[in-house]
Amino acid sequence: MKKTKRLSASLLCLVILATALVPEAFGQDRRRSRFGRKSRTVAIIGGGAATGALLGGKKGAAIGAGGATLYAMNRKAARRNFKQRNRTLATVAGGTALGAGVGAVAGGKKAAAAGALIGGGGSYVYSRSRRARRRY
């Protein structure tokens with residue numbers, strides 16, 4: 001059973017590596033994504049939540065979605081396609097989900113509530129400090 005799992009994991013890694021190298025081998029230019037601008041952000045967040053759920057259940061889904069939201073809302077593409085207020089709200093929501101997930105892993109419901117408060121507050125301070133640093 002262990003050999004089968006190890007073989008299938010190795011095969012999966014090899015396939016992913018091969019598909020990543022195929023466009024480079026044929027010299028193709030960079031193409032536009034099939035996703036739309038905002039749909040790509042939703043796909044990043046959904047992928048983070050799905051990966052977290054596979055690895056850690058509900059708590060992992062909260063951690064994955066929170067981390068992916070923080071990443072997705074602070075990309076250069078998100079700065080172009082989302083209003084500042086919406087990005088701030090999403091960043092705070094992502095920090096809250098991430099904090100709640102980490103708190104739940106650490107110590108249950110009370111720790112999840114404390115983690116949500118700390119994560120939300122920290123991500124709000126982060127988003128405000130990033131806005132203040134902008135130079136024109």
The simple spin-label model distance between LYS38 and TYR126, using points 7 Å out along Cα→Cβ, in nm, is 2.3 nm
Rounded to one decimal in nm, the spacing of the 7 Å Cα→Cβ label points at ALA114 and TYR71 is 2.9 nm
Per the 1/(1 + (r/R0)^6) rule, R0 = 41 Å and r from the Cβ atoms of ASN86 and VAL15, FRET efficiency to 0.05 is 0.65
As straight-line cross-link partners of LYS58, the qualifying lysines (C-alpha separation under 22 Å, not fewer than 8 residues apart within one chain) are LYS109, LYS110
Mean Cβ-within-10 Å packing, highest first, puts peptides 92-101, 69-78 in the order 92-101, 69-78
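Every number here is computed from the coordinates shown, using simple stated rules; none is lab data. Predicted model, so just to flag it, every value in this text is computed and none were measured. Glycine also receives a Cβ, built like all others from the backbone with ideal geometry; neighbour counts cover every protein chain displayed.
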